[in-house]
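Below: the structure, in structure tokens.
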Amino acid sequence: MKTKKLIFRKIIVITFFIFISTLFLKNVIAVEPDEILKNEKQEMRARIISKNIRCMVCQNQSIDDSNAPLARDLRLLIRDQIKDGKKDYEIYNFLTDRYGDFILLKPPLKLSTLALWFLPFLFFIIGIFVVFKYSKK
Amino acid sequence: MTSYLGNFLLWLSLFFAISQFFISRKSNEQNKKFISISVYGLLISSVSSFFLLMYAYVVSDFSLVNVFQNSHTTKPLLYKISGVWGNHEGSMLLWILVLTIFNYFIFNLNNKNNYFFISKCLETQALITIGFILFTALTSNPFERTIFNQQDGLGFNPILQDPALAIHPPLLYVGYVGFSAAFSIGVAALKLSEDKKIPWHLYMKPFVMAAWSFLSIGIALGSIWAYYELGWGGWWFWDPVENASFMPWLLGTALLHSLIMVEKRMLLQNWVLLLSILAFLLSIIGTFLVRSGILTSVHTFALDPARGIYILVFAAILGSYSLYLFGTKSKKFVNSNYFAFFSKEGSILINNILMVVVCLTVFLGTIYPLLIEALTSNKISVGEPYYNSTAVPIILPAILIMGIGPILSWKKDDKLKTFKKILPVVVLSALTTIFIFLIYKSYSLIGIAGVFLGLWIIFNNIMILIKKLKNYSIGMVVAHLGIGLMILGITGSTVWQEEKIIKMKINDNIRVNKFNLVFNKISEVEGPNYVAIRGNFLVYDNKKNLITELNPENRFYPVTNNFTTEASIYTNLLGDLYSVLGEGNINSGWVLRIYYNPLVVWIWIGAFTIFLGGVVSLRNNLTKLKSLY
């Protein structure tokens, strides 16, 4: 009985995914020609920013790499803001205000990320210390 | 029927593993026959259960849930076979298979003198095997039966249908599981710490060498798959799944090199034992991260926690058991041999430390988002930019030291003499770097550093070969050359990648680097289990000679209702022309994304060279081991 239920559940889940995928999976690639700004400098800035912004519906992909519709929306939004003369940090702030720190692929330096940024440095110092201590023998 | 037989074989292998555990605990000569029965029984039952599942895939036996969910009658034979390990349950069966094969290898090491030691190794190896068989049988049984008769399977993700990915998991698992043997040997050495005569490091080294070589090539194949199949133009994304294999590799690298130190000078034995324990624990934790679903979110883990919790508890048991043993016994392995900073062992120690620091950093980056999500209401992402500014800068000095380490002598080296030795290499590397940059006129600090370091490694090793420096190992030279080539490839493809994204109509052309692409035609093609739209682009060089044709595809797999993009890549030694076809129609044109990735192929050549070097060293290790018998 139990396995029967399990299979039933699995089938439902799979059908659901197939259904969802037909809704979302249109065959497109990331940055599309119609998005690209005419001003090369501005486009460069947009590309750099997009490489640091996470695609919220993907796994570990930047919006620059992602073909999800939401990523495209964000790419267009970033380009619009650049055209409006916004500075890079203003755009980052705008995005984190809306989506939180989760959207940044490079986590900001905060109290909660202190360990993340300083521990590697600390490990390095400890490592060097160990080598020196050991080599005195 | 298949289900019953499979379950029977699975439980039979559990029975043999348990009997091996208990018999090897009380090892004496009379028991030898029973240990041998258990080892062979375990090997035969796990091999049969694995091939039974493979058979079920080949004949599309949909009475198994696992086959039903992951296979389809229209799938090409190769992918039916690789489908066995292309899913969670089957891959655990593969894990068990490799475990029992290594178990058999350990058993084969026994002779009259070391019988006691080997049986201690087999005890731990049996414990690990029991853990994984129970995990498979209880939470991930590949032999679960379907209730209804199924007409056809649900297929499996077409993006996974790729030759590189088909052999990627087995190689990776040989790597992960190879560390289990090092773990068992390390634990046995700690248990028998009173007996100084056991050359445990000679037993451990071939296993570490094999594990490390296969892990290297396994990771490389994963990268090759990502590069060819994902169509993003990149090959490494610092994805948690990639990190899970990279961390044991880093510790494995450290372990491998410090084993040389034990062999030559009996230094740092306790450090090696610790590394052998940690390398395998990290392999298990990597499996936990990948298999539990915790990586996407702490909350997805909560949805189906059984698997994750099991692995975590198992890792905790093995970890506390082995680390406790290490804590109490490792003092016996301390020796006070003379140790100088400026020597071969000094350079090995520094690089050991750097590898461990990089490993800790990668570990931190991988689990930090989970910690933040679990402890606060916040969520953060740790992506490529983080690793580029933390892990990568630590790797750079390691590469610098790696060039000169093999040239230094043991115990103590003369600074002036060494300087004279490396001076030609420094000059040669610097001149070549300058020469390259004068030709290409594309300056970048990272580019210069990368090219210099790559050449530094290559020239140093060539010098070792030419001058026939004292007792170098050919395997080491080959593997290090591979690293040098790989650095050149990595630098080239990351620093000088060019990209063009445009909409093209038939007969339009576009210039990328020194190539000119002409959109020739677009057509519909039909594959074995997909339909596709295929663009055809003619590629001309500067002199308008036709070099090649690129045929990027958009595929649709009706069975799983998937769209995939199939990149078309022209590879040569200088660089890859990488094309991906996007959306479009006849009237407005088709979107095309083209990359020029310089030197990418050298990453793969480098990886295979590293593997080759590992295999050569493995042969040497085995010869050395045979001389004990």
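The values are calculated or read from the model by the stated rules, or taken from the named source; none is laboratory data. Given the structure is predicted, the values throughout are model-derived calculations rather than measurements. We place every Cβ from the backbone using ideal geometry, glycine too, and count neighbours over all the protein chains shown. Calculation scope for accessible area: heavy atoms of the full protein, side chains included, ligands and nucleic acids excluded. Shrake-Rupley method; radii C 1.70, N 1.55, O 1.52, S 1.80 Å.
For region B:486-506, filtered to residues that are under 19 Å from the mean Cα position of the chain (by Cα) and open to solvent by 40 Å² or more (accessible area, probe 1.4 Å), the residue that is nearest to B:ILE586 (Cα to Cα) is B:ILE490. Exactly one residue among B:LEU171, B:LEU255, B:LEU221, B:LEU190 is open to solvent by 30 Å² or more (accessible area, probe 1.4 Å) and either in a helix (DSSP H, G or I) or at pLDDT below 85 (or both), and that residue is B:LEU171. For region B:224-245, a residue qualifies if it is open to solvent by 30 Å² or more (accessible area, probe 1.4 Å), among the aromatic types (Phe, Trp, Tyr) and assigned to a helix (DSSP H, G or I), and the qualifying residues are B:TRP225, B:TYR228.
Within region B:509-550, track down each residue that is in a loop (DSSP other than H, G, I, E, B) and either within 37 Å of the chain's Cα centre (by Cα) or surrounded by 12 or more Cβ atoms within 10 Å (Cβ to Cβ) (or both). B:ASN513, B:LYS514, B:GLY527, B:PRO528, B:ASN529, B:TYR530, B:ASP541, listed by residue number. Residues in region B:394-409 that are at pLDDT below 90 and within 14 Å of chain A (Cβ to nearest Cβ): B:GLY405, B:LEU408.
Answer yes or no: is there a residue in region A:103-117 that is open to solvent by less than 30 Å² (accessible area, probe 1.4 Å), more than 21 Å from B:GLY231 (Cα to Cα) and either hydroxyl-bearing (Ser, Thr, Tyr) or more than 9 Å from chain B (Cβ to nearest Cβ) (or both). Yes, some residue in region A:103-117 is open to solvent by less than 30 Å² (accessible area, probe 1.4 Å), more than 21 Å from B:GLY231 (Cα to Cα) and either hydroxyl-bearing (Ser, Thr, Tyr) or more than 9 Å from chain B (Cβ to nearest Cβ) (or both). The one condition from (1) surrounded by 20 or more Cβ atoms within 10 Å (Cβ to Cβ); (2) touching a Leu at 6+ places or on another chain (Cβ under 8 Å); (3) in a strand (DSSP E or B); (4) away from chain A (no Cβ under 14 Å) that B:ASP576 does not meet is (2). Restricting attention to region A:81-102 and to residues that are within 11 Å of another protein chain (Cβ to nearest Cβ) and either touching a residue at least 24 places away in the same chain (Cβ under 8 Å) or open to solvent by 50 Å² or more (accessible area, probe 1.4 Å) (or both), the residue that is nearest to B:ALA391 (Cα to Cα) turns out to be A:PHE102.
Of the listed requirements (1) out of contact with any strand residue (DSSP E or B) (no Cβ under 8 Å at 6 or more places or on another chain); (2) in contact (Cβ under 8 Å) with a residue 12 or more places away in the chain, B:PHE8 misses just one: (2).
Within region B:329-367, restricting attention to residues that are under 30 Å from A:ALA115 (Cβ atoms) and among the polar types (S, T, N, Q), the residue that is farthest from the other protein chains (Cβ to nearest Cβ) is B:SER330. Within region A:58-72, at least one residue is surrounded by 15 or more Cβ atoms within 10 Å (Cβ to Cβ), more than 12 Å from chain B (Cβ to nearest Cβ) and within 17 Å of the chain's Cα centre (by Cα).
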